[in-house]
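K.L.:
Dropping the structure in here first, questions after.
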Amino acid sequence: MNNFIYQNPTKLVFGKGQIARLPELIPADKRLMITFGGGSVKRNGVYEQVVKALAGREFVEFWGIEANPSVETLRKAIALGKERKVDFLLAVGGGSVIDGTKLISAGLLYEGDAWELVLKGSCPKTVPLATVLTMAATGSEMNSGAVISRYETQEKYAFYSNYPVFSILDPETLYSLPKRQIACGLADTFVHVLEQYMTTPGQSRLMDRWAEGILHTVVEIAPRALGDERDYDTMSEYMLSATLALNDMIRMGVTQDWATHMIGHELTALHGLTHGATLAIVINGTLRTLRGQKHGKLLQFGERIWGITGGTEEERIDRTIARTEEFFRSLGLSTRLSEEGIGEATIAEIERRFTASGVHHGEAGNVDGAMARRILEACL
């Protein structure tokens, strides 16, 4: 294993009815701002639970953080927070609300424009934040990362601040989610694991087995998670799988990829596609294009996750990639750019952006503009 440092300070508060514990988790002397998305928490009862738990406490509400949080909206939240001298943030929502609140937490202590922080890539000086998770996908409730968009320029970049102080995970909050959101969340979780697992073989048996455990769980629970019944046990497994897929645990001492994510972010910025939906398309092109580089891990993945053991190695890899694409299709998601009406113009623009910024993504650092084009062409 490679050298690593691991520390995750976020306290997970998991289970039914845990929103009621907010008063004991948030210090009584804090000036609190609660951030929300578009209003689904009022329809599913989460807002009522939060307000009831915080009865007698003063707080300011900020609504309207988008599915792909924009700096344009977050600037308004930062201005409101500064005006009200906020010194504690509570994000109530999914990964986008939490991501946006991470930038707010940094922007409250920054004198310049918040987009400057995004371009810098990180900011360690932040106001404390906590979360009540209502959509499992990004793992933002237990990591320090965020992805922020700028709509006026169609840009989308990763940004890193601090970990949430605590996160409340009540699986019942997932019951009212539309099936497409659950499908995208399952895809997001699955690809988060692949970005840390589908790299260099032989680095760590332990990391491989932890990663494979999450992959197996997602595959097994997906049909039930997309079913009509409100299944607490299934939603518990789904929610925790999404958290553990990106809380730094399975990446200890191993190489990581993230090229699929970087390409996916561009598709979201240019076309507004949901993040998980972009990953369900791009990962297949990544595996096809980089199959030689990922040869050993593809064979391991095919055998351990899909049970593919017969045939030549190349035949096994063919079947593994095909079976992976079938899994995403079983979620009801597109796996080809053409299904979303995306073609050469977008490929050319993403190649241009990668080349202009000089990036080299992937575990081998070889996903530049030209390679991004090859990956996207393999997704047509």
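K.L.:
Leaving out ligands, DNA and RNA, what percent of the accessible area of region 42-103 is carbon and sulfur, probe 1.4 Å? Before the final figure, lay out each step's value.
P.N.:
On the way: 1330 of 2680 Å².
C and S fraction of accessible area: 50 percent.
K.L.:
If I compute solvent accessible area with a 1.4 Å probe over the protein chains, what percent of it on region 181-269 is carbon and sulfur?
P.N.:
51 percent
K.L.:
Here's another thing I want to ask about it. Post the alpha-carbon centroid distance, region 233-297 to region 33-56, in whole angstrom.
P.N.:
When both Cα centres are located, 30 Å separates them.
K.L.:
A further question follows. Given a Förster radius of 35 Å and the C-beta distance between residue 29 and residue 233 as r, what FRET efficiency does 1/(1 + (r/R0)^6) yield to the nearest 0.05?
P.N.:
Working: r = 39 Å, r/R0 = 1.11.
It comes out at approximately 0.35.
K.L.:
Residue-wise, which Karplus ³J(HN,Hα) couplings in Hz belong to region 217-224, taking 6.51 cos²θ - 1.76 cosθ + 1.60, θ = phi - 60°, and x for glycine or proline?
P.N.:
4, 4, 4, 5, 8, 3, x, 6
K.L.:
At R0 = 56 Å, how high is the FRET efficiency between residue 366 and residue 51 if r is their beta carbon distance? Nearest 0.05 is fine.
P.N.:
On the way: r = 51 Å, r/R0 = 0.91.
Between residue 366 and residue 51 the formula returns 0.65.
K.L.:
Can you compute the modelled spin-label distance between residue 352 and residue 271, with each label point 7 Å from Cα toward Cβ, in nm?
P.N.:
Spacing of the two 7 Å Cα→Cβ label points: 1.7 nm.
K.L.:
Could you work out which residue, out of 131, 346, 335, moves most in a Gaussian network model of the chain, that is, has the largest mean-square fluctuation with Cα springs under 10 Å?
P.N.:
346
K.L.:
Please report the relative contact order for the chain, taking Cα pairs under 8 Å with a sequence separation of at least 6, and give it as a percent rounded to a whole number.
P.N.:
Working: 704 pairs, mean separation 58.9, N = 380.
16 percent.
K.L.:
I would also like to ask the following. Would you kindly derive the ³J(HN,Hα) couplings of region 198-214 from the backbone phi angles with the Karplus curve 6.51 cos²θ - 1.76 cosθ + 1.60 (θ = phi - 60°), listing them in order in whole Hz, with x for Gly and Pro?
P.N.:
So the J values, rounded to whole Hz, are 7, 10, 9, x, x, 8, 7, 4, 5, 4, 4, 5, 4, 4, 5, x, 5.
K.L.:
Give the residue list of trypsin sites (Lys or Arg not before Pro) in region 115-209 that are DSSP loop and have at most 13 other beta-carbon atoms within 10 angstrom. Show your work: numbers first, answer last.
P.N.:
On the way: sites: 120, 125, 150, 156, 179, 180, 205, 209; in loops: 125.
Answer by residue number: 125.
K.L.:
Then there is this: Tabulate in residue order the Karplus-calculated ³J(HN,Hα) for region 83-89, using 6.51 cos²θ - 1.76 cosθ + 1.60 with θ = phi - 60°, rounded to whole Hz; enter x for Gly and Pro.
P.N.:
Once θ is set to phi - 60°, the couplings for region 83-89 become 4, 8, 6, 5, 10, 7, 10 Hz.
K.L.:
Taking GluC sites (Glu not before Pro) as exposed when DSSP calls them loop (any state but H, G, I, E, B) and at most 11 other Cβ atoms lie within 10 Å, what is the longest stretch of the chain free of them, the sites themselves excluded? Could the numbers behind the result be given before it?
P.N.:
On the way: sites that count: 58, 111, 229.
That gives 230-380 as the longest site-free run.
K.L.:
Can you list residues from other chains, or at least 5 along the same chain, whose modelled amide H is less than 5 Å from the amide H of residue 34?
P.N.:
Amide H to amide H, under 5 Å and 5 or more residues apart or across chains, residue 34 pairs with 60, 61, 62, 90.
K.L.:
Less than 15 Å Cβ to Cβ from residue 233, Lys/Arg counted +1 and Asp/Glu -1: what total charge do the surrounding residues give?
P.N.:
Values: positive: 16, 224, 230; negative: 170, 172, 220, 229, 231, 237.
Charge balance near residue 233 sits at -3.
K.L.:
Determine the per residue accessible area of the chain with all protein chains present and a 1.4 angstrom probe, expressed in square angstrom. If you can, show how the numbers build up before the last one.
P.N.:
Numbers: 15430 Å² over 380 residues.
For the chain, the per-residue accessible area is 41 Å².
K.L.:
Modelled label-to-label distance, residue 359 and residue 345, 7 Å Cα→beta-carbon offset: nm?
P.N.:
The two pseudo-label positions are separated by 2.2 nm.
K.L.:
Give the share of C-alpha pairs in each 5 angstrom bin for region 232-372, from 0 to the last occupied bin, in whole percents, shortest bins first.
P.N.:
Taking every Cα pair in region 232-372, the percentages come to 2, 9, 15, 19, 21, 18, 11, 4, 1, 0.
K.L.:
What is the extension gain from residue 303 to residue 8, computed as 0.36 nm multiplied by their sequence separation minus the C-alpha to C-alpha distance, in nm to one decimal?
P.N.:
Working: separation 295, 0.36 × 295 = 106.20 nm, distance 3.18 nm.
Working it through step by step, the gained length comes to 103.0 nm.
K.L.:
Quick check: pseudo-label points 7 Å beyond the Cα along Cα→Cβ at residue 60 and residue 336, how many nm apart are they?
P.N.:
That separation, rounded to one decimal, is 5.1 nm.
K.L.:
Still on this structure, I have one more. Ordering 63, 306 from largest to smallest accessible area (1.4 angstrom probe), what's the sequence?
P.N.:
Values: 63 75, 306 40 Å².
Sorted by accessible area, descending: 63, 306.
The values are calculated or read from the model by the stated rules, or taken from the named source; none is laboratory data. Fair warning: this is a prediction, and the values are worked out from it, not measured in the lab. Reconstructed Cβ throughout: ideal geometry from the backbone, glycine too, with neighbour counts over all protein chains shown. SASA here: full protein model, heavy atoms, side chains in, ligands and nucleic acids out. Shrake-Rupley method; radii C 1.70, N 1.55, O 1.52, S 1.80 Å.
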